[in-house]
Amino acid sequence: MTQSLLHQILDYSNRADPYPIYEELRKTPVLHEEDGPYVVSTYYEIRSLLHDPRISSDARNLASTTRDPLAESSEDEGALPPSFLRLDPPEHDRLRRMTNRPFGPPHSPHRVDGMRGELRDIVSGLIDGIKEPGRIDLVDQFSYPFPVTVICRLLGIPREDEARFHSWAETIAASLDPDPDADPSQRGKESHEARMQLGMYLAGLIEERRKKPGDDMLSALATAKGEDGAMTTMELLSTAALLLIAGHETTVNLVTNGMLTLLRHPDVLERLRADPRLAVPIVEELLRYEPPVQLVPQRTTVADIELHGVTIPKGASLWLVLASGNRDPGRFDDPDRFDPDRRDVQHLGFGSGIHSCFGAPLARLEAQFALAELARRLVNPRLLEDPPPYRQNAVLRGPRHLPIACDDIRP
């Protein structure tokens with residue numbers, strides 16, 4: 001019996017190359033199988049829905065009769081209020097405004113740009129730490145520790161506590177990946193314990209910052225008293241957890257998918273080595289070609305919506321397959337070709353609309369520094385395994401390990 005397209009998307013055996021499935025999916029721009037979610041796969045329809053106020057991010061609007069195989073029961077968020085990622089206006093807008101005030105324009109235009117020197121130091125330190133160029137796991141040795149270290153510095157986690165923070169982040173991140181061989185109750189217990197310890201640690205740090213603020217983002221969030229008032233401690237905790245989990249996981253995948261793609265396109269890698277400025281268009285094309293977030297599940301309709309002759313009823317579960325929209329030939333010429341010289345790259349890699357990726361400016365900068373420096377310093381880099389082993393997660397798609405080798409590492 002042929003697997004349904006929905007099950008093919010979730011089937012791990014297709015993780016290394018889901019794009020032929022997305023091509024098939026686009027033949028039915030609004031797919032609905034049995035009592036499952038409505039799956040939207042074409043560029044213009046996805047973009048339209050991302051801006052549609054009839055689409056909710058609040059799971060409480062989901063009809064109880066709807067079955068969603070990507071329901072996030074494993075995320076164990078019950079101890080904290082939902083982050084703004086899971087809320088609708090006006091609550092979403094208030095919390096996002098408050099979080100953005102110390103993070104970006106117009107109030108803090110230099111927060112991200114001011115981290116350039118720190119990003120260079122972190123990247124250089126991680127590459128310096130590679131002792132055996134003949135066998136490197138780029139994920140474990142570089143892509144994974146890089147963004148969590150950046151988030152520690154952004155939030156103002158004391159250097160002596162970064163190792164503990166890394167440990168909690170690793171446990172929580174592992175819980176986001178399905179693992180058919182693991183004991184689900186044990187995984188749940190470990191994730192819950194890590195979240196509790198992280199929450200207690202951050203709560204203590206927030207109280208310290210309220211009494212004695214620094215110039216870090218956590219201090220700014222803890223002491224802000226703008227037009228939207230002040231965040232409660234619980235809102236601060238859920239926001240900090242969001243920055244950690246969402247900011248970390250997406251950047252790991254962006255950097256790893258990026259290096260994998262460059263190693264498969266050595267001519268582009270050589271151009272980047274010769275001209276680091278090429279990192280900017282390369283990262284934009286990567287966000288289209290191999291986006292770190294493949295699809296956005298857990299969206300719900302709050303009214304009936306007509307799309308391509310299909311009525312999506314109120315309370316339905318909706319999946320928006322960003323990676324399919326990014327390869328839609330109705331929007332992009334020759335979409336399956338990786339082309340950093342592409343002139344029109346209005347991708348969906350960071351979503352769009354009110355829930356567009358909050359950390360996009362930082363993620364872009366991280367990936368640009370990481371890929372440019374890896375290209376410059378690794379001598380004759382090459383893949384040891386292609387395709388590499390992928391994560392189980394169908395939403396946050398990227399290699400779990402990326403075994404590579406090089407002849408030497410330049411200073």
**Asked** Quick check, is ALA220 touching a Phe, Trp or Tyr at 6+ places or on another chain (Cβ under 7 Å), in a helix (DSSP H, G or I) and among the small types (Gly, Ala, Ser)?
**Response** no
**Request:** Mind checking which helices (runs of 4 or more DSSP H) fall wholly inside the range 66-180 and carry at least 3 residues that are open to solvent by less than 50 Å² (accessible area, probe 1.4 Å) and modelled with pLDDT of 90 or more?
**Result:** 91-100, 116-128, 145-155
**Asked** Of all residues in the range 280-296, which are over 17 Å from the mean Cα position of the chain (by Cα) and surrounded by fewer than 23 Cβ atoms within 10 Å (Cβ to Cβ)?
**Response** VAL280, PRO281
**Asked** Listed residues LEU126, LEU119, LEU138; which is among the hydrophobic types (A, V, I, L, M, F, W, C), under 27 Å from LEU260 (Cα atoms) and without any contact (Cβ under 8 Å) to a residue 40 or more places away in the chain?
**Response** LEU126
**Message:** Going residue by residue through the range 47-64, is there one that turns out to be under 22 Å from the mean Cα position of the chain (by Cα), under 19 Å from ALA394 (Cβ atoms), assigned to a loop (DSSP other than H, G, I, E, B) and not polar (S, T, N, Q)?
**Reply:** no
**Message:** Being part of a loop (DSSP other than H, G, I, E, B), farther than 20 Å from GLY315 by Cα and open to solvent by 40 Å² or more (accessible area, probe 1.4 Å) is the filter here; which residues of the range 1-42 pass it?
**Reply:** MET1, THR2, GLN3, ASP11, ASP17, LYS27, THR28
**Message:** So the check is Cβ under 9 Å with 6+ separation or different chains; which pairs have a first residue in the range 338-358 that's at pLDDT below 95 and assigned to a loop (DSSP other than H, G, I, E, B) and a second one that's among the polar types (S, T, N, Q) and open to solvent by less than 20 Å² (accessible area, probe 1.4 Å)?
**Reply:** PHE358/THR99
**Members of the range 297-337 found to be assigned to a strand (DSSP E or B), among the β-branched types (Val, Ile, Thr) and open to solvent by 20 Å² or more (accessible area, probe 1.4 Å), listed by number** = VAL310, THR311
**Asked** So, of the residues in the range 1-44 that are acidic (Asp, Glu) and touching a residue at least 60 places away in the same chain (Cβ under 8 Å), which turns out to be nearest to PRO292 (Cα to Cα)?
**Response** ASP17
**Message:** I need a count of the residues in the range 302-343 that are touching a helix residue (DSSP H, G or I) at 6+ places or on another chain (Cβ under 8 Å) and among the polar types (S, T, N, Q).
**Reply:** 2
**Prompt:** Only one residue in THR261, THR250 is within 16 Å of PRO399 (Cβ to Cβ) and open to solvent by 20 Å² or more (accessible area, probe 1.4 Å). Which one?
**Reply:** THR250
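The values are calculated or read from the model by the stated rules, or taken from the named source; none is laboratory data. This is a predicted model, so every value here is computed, not measured. Backbone-built Cβ (ideal geometry, glycine too); neighbour counts: all protein chains shown. Remember, those area values only see protein heavy atoms, side chains included, never the ligands or the DNA or RNA. Shrake-Rupley method; radii C 1.70, N 1.55, O 1.52, S 1.80 Å.
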